1. Checking the a/c ratio against 1.5 first, then a/b against b/c, what shape does the Cα gyration tensor give for the stretch 222-410?
2. Figure the gain on full extension for SER409 and ASP274 (residue separation times 0.36 nm, minus the Cα-Cα span) and round it to one decimal in nm.
3. Once the other residues with Cβ under 13 Å from the Cβ of THR224 are scored (Lys, Arg +1; Asp, Glu -1), what is the net sum?
4. Report the relative contact order of the stretch 222-410, percent, no decimals, based on alpha-carbon pairs under 8 angstrom and at least 6 residues apart.
5. Spelling out what I want: for every residue of the stretch 320-325, take phi, set θ = phi - 60°, compute 6.51 cos²θ - 1.76 cosθ + 1.60 (Karplus), and round to whole Hz; glycine and proline get x.
6. Please report the relative contact order for the stretch 352-412, taking Cα pairs under 8 Å with a sequence separation of at least 6, and give it as a percent rounded to a whole number.
7. When SER273, SER197, SER368 are ordered from fewest to most other Cβ atoms inside 10 Å of their Cβ, what list results?
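What follows is calculated from the coordinates using simple rules that are stated; it is not laboratory data. Remember, predicted model here, so these are calculated numbers, not experimental data. Ideal geometry is used to build each Cβ from the backbone, glycine not excepted, and the neighbour counts take in all protein chains shown.
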Amino acid sequence: MDSCISACIKERESCCCLEVTTTALCSYNMKKLSVEVPASMYCNNCKGCDVEGCFPCRMCPVTGPAGPMGPRGATGPAGPTGATGAAGAPGPAGANGAAGPTGPTGATGPAGPTGAVGATGATGAAGATGTKGPTGATGATGAVGPRGPTGPTGADGIAGPTGATGATGPTGATGGTEPNPYDLYVQADAAPGGDGSKAAPFQTIEEGLAAALPNGVMHILPGTYPVSAQLSVSTPGLTIQGSAGALIVLQAPVVPFLIDGGDVTLDNLTMTSDNPYPVEFIQTAGEGNQIINCQIYGPEQAGDSSTWVVNRGFVTQGNTTNLLVRNNIIHTLRQAAYLNPGSSGTIVYNVVYDTRGYVVDQASFLFSGNSWGIPENAVDIALLSGTASGAPYDPLSALEASNSNATVSDQR
């Protein structure tokens with residue numbers, strides 16, 4: 001019985017013990033024992049137990065004293081993994097990795113709006129004069145020269161008998177007056193085919209220039225003279241003289257008068273244009289030319305004069321020397337004149353208004369006695385960079401005082 005109880009005690013797992021007195025059956029030899037089990041033991045809720053005995057490993061004995069510790073059993077299987085612990089603090093940042101390759105260039109964005117228009121730049125210097133045009137047609141043949149002196153009288157012959165008196169012949173036609181090639185006339189409404197005399201004037205200025213001789217005078221009689229092609233005045237010493245009521249009107253962007261004959265004079269001419277053209281009315285070249293007593297003006301232009309078409313009263317070529325500009329009235333133009341490098345002369349007693357004044361570009365001109373009208377010029381005299389210091393422009397106070405307190409823009 002002790003061994004049976006001991007065996008049952010070793011393997012009990014799910015028995016509860018209650019006190020009873022019964023006879024136990026040892027499960028090891030399946031023999032009924034005649035010994036009594038203590039009244040304190042019976043099997044409760046254990047498979048295979050009844051009041052008469054105890055089946056294998058289901059005996060519920062009273063716990064005996066602990067035996068010696070047996071040998072360590074084999075390590076049991078690992079239990080289930082415990083719950084994940086809380087995350088630790090972030091470690092220090094690692095070193096930056098190498099830069100990756102550059103990605104492809106994105107598509108070009110749309111063009112931005114066009115910026116505002118910039119201010120108009122300064123007027124450039126006048127371009128060089130074009131080549132001289134072809135020579136005009138040969139003028140009409142001059143009048144027959146005077147008869148030479150009569151030769152010496154021969155010796156008297158022997159007198160013959162007196163003949164009978166013949167009948168009187170018819171009276172010849174009255175002779176005409178030959179035109180004077182040194183004193184020509186032009187009239188806009190004259191009949192075509194005139195010979196340039198005062199009685200039969202030429203109809204156009206071009207006809208007069210073709211017939212003019214050196215040091216002659218061509219008179220422009222009252223009328224309107226449209227000009228759409230350049231008039232080249234190359235006859236030395238020629239004077240073209242206007243009269244009250246004569247008006248020259250430029251109708252194309254050409255320089256109406258190119259003076260290159262030397263000692264040429266434009267006197268008392270009035271000229272304007274039907275539109276503002278970017279040209280000058282007179283261009284000079286050579287020695288000793290004169291522009292005197294003329295009126296030169298353009299049509300009105302809107303806005304500030306800095307935005308006007310660049311039309312001018314006159315322009316000098318670089319080989320212009322000893323030019324005289326006197327007693328003229330010049331107005332309503334972008335510039336009264338542009339004086340190119342190397343040119344020289346005298347500008348006196350003129351009246352200029354509603355322009356941007358005389359522009360001096362490395363030229364040498366004496367200014368004296370000039371005055372300024374209304375509307376006032378933006379500037380009366382402009383001395384551009386490169387123009388020499390000293391006479392005839394310095395001291396500036398003297399230049400201003402001798403020209404009716406002129407406004408001088410010194411850009412040297």
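1. oblate
2. Length gained between SER409 and ASP274: 45.5 nm.
3. Local charge sum for THR224: -2.
4. Value for the stretch 222-410: 13 percent.
5. 6, 9, 6, 6, 10, 10
6. Across the stretch 352-412, relative contact order equals 40 percent.
7. Least to most surrounded, the residues fall as SER368, SER197, SER273.
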